[in-house]
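The values are calculated or read from the model by the stated rules, or taken from the named source; none is laboratory data. Values in this document were obtained by computation on a predicted structure and should not be read as measured data. In this analysis, Cβ positions are derived from the backbone assuming ideal geometry, glycine residues included, and neighbour counts consider all displayed protein chains. Side chains included, ligands, DNA and RNA excluded: accessible areas come from the protein's heavy atoms. Shrake-Rupley method; radii C 1.70, N 1.55, O 1.52, S 1.80 Å.
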Amino acid sequence: MLDATFVSYVPRAHRDQLRKLLQEEDTGEVAWRERREFRGSEFYFSGPPRTVRKTHELVTLWLSRR
């Protein structure tokens, strides 16, 4: 099975919180990396399509509550 990659843009004000949360959690099959930019970061999530899609949805929901 092929892996999927989803990208979440996270404003600078929240990227440290998300990075800390991801480092503390066991992300299992999902690999993540951060690409920093001036106004925020792009977080790339790769792994099994269903799992990565769910992770992307959770990050989007988390951001909407900030």
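What order do you get for 51-61, 32-42 when each peptide is scored by the mean count of other beta carbon atoms within 10 Å, highest first?
My ranking of the peptides, most packed first, is 51-61, 32-42.
What value, in deg cm²/dmol to 500, does the helix sum -39500 (n - 2.57) over DSSP H runs of n ≥ 4 give at 222 nm once divided by the residues of the chain?
My calculation for the chain gives -14500 deg cm²/dmol from helical runs alone.
Would you rank 44, 9 by solvent-accessible area, highest first, keeping every protein chain in place and using a 1.4 Å probe? Numbers along the way, then the final one.
On the way: 44 45, 9 110 Å².
Final ranking, largest accessible area leading: 9, 44.
What is the gain in length, in nm to one decimal, between residue 3 and residue 64 on full extension, counting 0.36 nm per residue of separation less the C-alpha to C-alpha distance?
That works out to 19.3 nm of additional length.
For region 1-54, what is the convex hull volume of its Cα atoms per residue in Å³? Please list the in-between numbers first.
Working: hull volume 3.6 nm³, N = 54.
Dividing the Cα hull volume of region 1-54 by its residues yields 67 Å³.
Of 55, 40, 5, which is farthest on the positive side of the dipole of the chain, counting Cα position, with +1 on Lys and Arg Cβ, -1 on Asp and Glu Cβ, and the Cα centre as origin?
The residue sitting most towards the positive pole is 40.
Set the Förster radius R0 to 22 Å, insert the Cβ-Cβ distance between residue 57 and residue 13 as r into 1/(1 + (r/R0)^6), and round the FRET efficiency to 0.05.
On the way: r = 21 Å, r/R0 = 0.96.
My answer for the efficiency is 0.55.
How tilted is helix 12-24 with respect to the longest principal axis of the chain? Cα atoms for both, answer in degrees (0 to 90, nearest 10).
On a 0 to 90 degree scale, this one is about 40.
Using protein chains only and a probe of 1.4 angstrom, how many square angstrom of residue 3 are accessible, to the nearest 10?
Solvent-accessible area, nearest 10 Å²: 110 Å².
Using alpha carbons only, how many degrees (0 to 90, rounded to 10) separate the axis of helix 49-64 from the longest principal axis of the chain?
Orientation of helix 49-64: about 20 degrees from the principal axis.
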